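Written below as structure tokens is the structure these notes are about.
The values are calculated or read from the model by the stated rules, or taken from the named source; none is laboratory data. For clarity, every value in this text was computed on a predicted model and none was experimentally measured. With ideal geometry, Cβ positions are generated from the backbone for all residues, glycine too; neighbour counts draw on all protein chains shown.
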Amino acid sequence: MKARVVVTLKSGVLDPQGKAIEGALKSLGVEGVANVRQGKVFDVELAGADASAAKAQLQAACEKLLANTVIENYQIDL
Amino acid sequence: MKAAVVVFPGSNREGDMARALKQATGREPAMLWHADHELPAGTDLVVLPGGFSYGDYLRCGAIAGRAAIMDAVRAHAARGGLVLGVCNGFQILCESGLLPGVLMRNANLRFVCRMQHLKVERSDTAFTRQYAKGQTIEVCIAHGEGNYEADDATIDRLEGEHLVAFRYCDSAGTVGGEANPNGSRNDIAGIYSDGRNVLGLMPHPENLIDALVGGTDGRGLFESLASAA
């Protein structure tokens with residue numbers, strides 16, 4: 001089973017990298033960019049086929065390692 | 001004082017740290033590997049040195065913070081044992097849950113490597129007895145992710161309980177403004193745990209222990225530790 005985990009900064013947390021990317025897009029002439037926030041994507045392959053077990057495993061993975069929940073949110077897509 | 005320095009894949013300041021500890025305590029620290037499960041019997045102080053553990057993959061200190069040795073370091077801290085984390089070591093302490101908050105990318109996105117003045121916030125801890133409260137010391141910094149952030153409640157608690165150890169200041173001792181190299185909240189350069197037995201700081205006191213290489217203001221921290229146990 002394949003899953004995708006997306007980790008993003010919580011709103012209100014300053015994202016200097018996102019701001020730099022936003023500035024670069026503007027300087028390249030890409031129109032209409034109001035705001036950019038940078039995050040991370042993890043594509044995970046799981047051995048089992050049970051969706052609810054996979055969800056629990058990925059939740060543990062996020063809480064233990066993939067996200068720093070002080071500043072980041074995570075979303076699991078199976 | 002029996003000290004141990006933990007070496008992770010990608011640590012690079014362990015030699016400097018060992019030299020500073022030897023100078024202050026008169027004995028070589030034990031060098032531990034990240035995959036070890038125990039501290040040597042009678043260890044008083046565990047040090048997490050600077051560097052780029054695991055290549056800063058995922059987040060700085062994230063993988064090292066979950067290494068096998070860290071369970072032993074957490075148990076040592078819970079017993080009241082002394083733990084010092086410098087630079088990447090501070091990042092590891094935050095990622096491992098031993099200190100609150102997180103070290104984010106410097107606000108100006110630049111790696112900053114320069115001499116830096118710090119204000120010593122309190123001189124009644126095992127780490128700072130050889131300094132005076134409010135004293136300005138000059139050490140060095142070398143980091144890309146030293147921008148200390150935490151939620152408002154955590155910052156209020158750190159301030160209210162006087163757990164800020166050092167703040168960035170200029171040579172006259174004026175805190176903040178241009179002297180803040182990375183955008184840290186409240187100009188925080190280092191913090192203590194609740195019990196004040198764990199200290200994490202971004203600057204490198206271990207590199208300022210010899211007049212030949214720029215100054216000796218870092219010695220106070222190691223001499224304080226040497227007299228603490």
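Details
- Test for B:ARG59: is it within 14 Å of chain A (Cβ to nearest Cβ) and either under 30 Å from A:GLY23 (Cα atoms) or in a strand (DSSP E or B) (or both): yes
- Condition met for B:LEU82 (within 18 Å of the chain's Cα centre (by Cα), free of Cβ contacts under 8 Å to residues at least 40 places away in the same chain and under 20 Å from B:ARG13 (Cβ atoms)): no
- Residue selection: A:GLN17 fails the criterion of being away from chain B (no Cβ under 14 Å), part of a helix (DSSP H, G or I) and surrounded by 14 or more Cβ atoms within 10 Å (Cβ to Cβ).
- Residues located in segment B:127-183, provided they are assigned to a strand (DSSP E or B), away from chain A (no Cβ under 14 Å) and polar (S, T, N, Q): B:THR136
- The single condition among (1) assigned to a loop (DSSP other than H, G, I, E, B); (2) within 14 Å of chain B (Cβ to nearest Cβ) that A:ALA34 does not satisfy is (2).
- Residues (farther than 22 Å from B:MET17 by Cβ and within 13 Å of another protein chain (Cβ to nearest Cβ)) located in segment B:75-120: B:GLY97, B:PRO100, B:GLY101, B:VAL102, B:MET104, B:ARG105, B:ASN106, B:ALA107, B:ASN108, B:LEU109, B:ARG110
- Matching entry among A:VAL13, A:VAL5, A:VAL70 (being modelled with pLDDT of 95 or more, under 26 Å from B:ARG66 (Cβ atoms) and out of contact with any His (no Cβ under 6 Å at 6 or more places or on another chain)): A:VAL5
- Selected residue (criterion: nearest to the other protein chains (Cβ to nearest Cβ)) from residues of segment A:61-75 that are among the β-branched types (Val, Ile, Thr) and surrounded by fewer than 19 Cβ atoms within 10 Å (Cβ to Cβ): A:VAL70
- Within segment A:37-78, the set of residues being out of contact with any strand residue (DSSP E or B) (no Cβ under 7 Å at 6 or more places or on another chain), touching a residue at least 12 places away in the same chain (Cβ under 8 Å) and closer than 22 Å to B:CYS60 by Cβ comprises A:GLN38, A:ALA61.
- Looking at B:LEU39, B:LEU98, just one residue is in a loop (DSSP other than H, G, I, E, B), more than 16 Å from the chain's Cα centre (by Cα) and more than 17 Å from B:LEU221 (Cβ to Cβ), and that residue is B:LEU39.
- Among the residues of segment B:155-172, the ones that are surrounded by 16 or more Cβ atoms within 10 Å (Cβ to Cβ) and either under 22 Å from B:PRO205 (Cβ atoms) or of a type in the set (D, E, K, R) (or both) come to 9 in all.
- Residue within segment B:32-47 that is in contact with a Phe, Trp or Tyr (Cβ under 7 Å, 6 or more places away or on another chain), more than 14 Å from chain A (Cβ to nearest Cβ), under 23 Å from B:ASN207 (Cβ atoms) and touching a residue at least 24 places away in the same chain (Cβ under 8 Å) present: yes
- Failed item, numbered, when B:TYR192 is tested on (1) within 14 Å of B:LEU93 (Cβ to Cβ); (2) at pLDDT below 95: (2)
- Per the conditions (1) assigned to a helix (DSSP H, G or I); (2) surrounded by 14 or more Cβ atoms within 10 Å (Cβ to Cβ); (3) within 12 Å of chain B (Cβ to nearest Cβ); (4) hydrophobic (A, V, I, L, M, F, W, C), the sole criterion not satisfied by A:LEU58 is (3).
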